[in-house]
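Read the structure below first, then the notes.
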Amino acid sequence: MKNLAAFFTLVGFLCAPTPLMAEEGHHHGAVGGPNGGRILENTSPQAEFLVKEDNTMVVSFYDHDLKPVPAAEQSVVVVAEKDGVKTNMEFEKQGDALVSKGALSEGEGHNLVIQLKETAEAKPTNFRLSLNKGICEMCKRAEYACICGH
């Protein structure tokens, strides 16, 4: 009986969610963008990608404390694919951010490739995402910018 109790204690310990296991499948350390958009990983300065209600897109930049910094030499192009049709969407500087010159078509189902160049000479970094503007029940952000990783 003593060995059986020890066995169940061990099984309970091994099956209990540890911090590492609890975060598996979640955006470990994910930070939400100040405007409700998605922070693009490993950019300097940090870039936030946001799709506004009118389906225009904005890329804003922040320092490591998420304080705004103006767009400098960065450039962005988004390749949007929906129903087998690809559209290149260009951005222009407006104020301190880069804003798309046009809007995405209405509806869901866009697959996006965000091509960010940090300088004119730099090779672009690609970020891929399926655009889902539905609201996450847990973090209350648009699904494409979800930080809880359900």
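The values are calculated or read from the model by the stated rules, or taken from the named source; none is laboratory data. Note that the structure is a prediction, hence the values are computed from the model and not measured. Backbone-built Cβ (ideal geometry, glycine too); neighbour counts: all protein chains shown. The area values use the complete protein model at the heavy-atom level, side chains included, leaving out ligands, DNA and RNA. Shrake-Rupley method; radii C 1.70, N 1.55, O 1.52, S 1.80 Å.
Restricting to the range 119-142, count the residues that are over 19 Å from Ala103 (Cβ atoms) and either in contact with a Phe, Trp or Tyr (Cβ under 6 Å, 6 or more places away or on another chain) or not in a strand (DSSP E or B) (or both).
Qualifying residue count, the range 119-142: 12.
Residues that are modelled with pLDDT of 95 or more and on the phi > 0 side of the Ramachandran plot within the range 54-80 comprise just one, Asn55.
Count of the range 129-150 residues, restricted to those that are touching a strand residue (DSSP E or B) at 6+ places or on another chain (Cβ under 8 Å), without any contact (Cβ under 8 Å) to a residue 12 or more places away in the chain and open to solvent by 70 Å² or more (accessible area, probe 1.4 Å), is 1. Ile114 versus (1) at pLDDT 95 or above; (2) in a loop (DSSP other than H, G, I, E, B); (3) not basic (Lys, Arg): which is the lone unmet condition? Status for Ile114: all satisfied but (2). Using the structure shown, decide if Glu53 is touching a residue at least 40 places away in the same chain (Cβ under 8 Å) and in a loop (DSSP other than H, G, I, E, B). In short, no. Do we find that Asn126 is open to solvent by 60 Å² or more (accessible area, probe 1.4 Å), closer than 20 Å to Ser44 by Cβ and either among the aliphatic types (A, V, I, L, M) or within 14 Å of the chain's Cα centre (by Cα) (or both) in this structure? Here the answer is yes, as Asn126 does meet what is asked. Only residues that are over 16 Å from Arg128 (Cα atoms), touching a residue at least 40 places away in the same chain (Cβ under 8 Å) and surrounded by 12 or more Cβ atoms within 10 Å (Cβ to Cβ) were counted in the range 59-113, giving 8.
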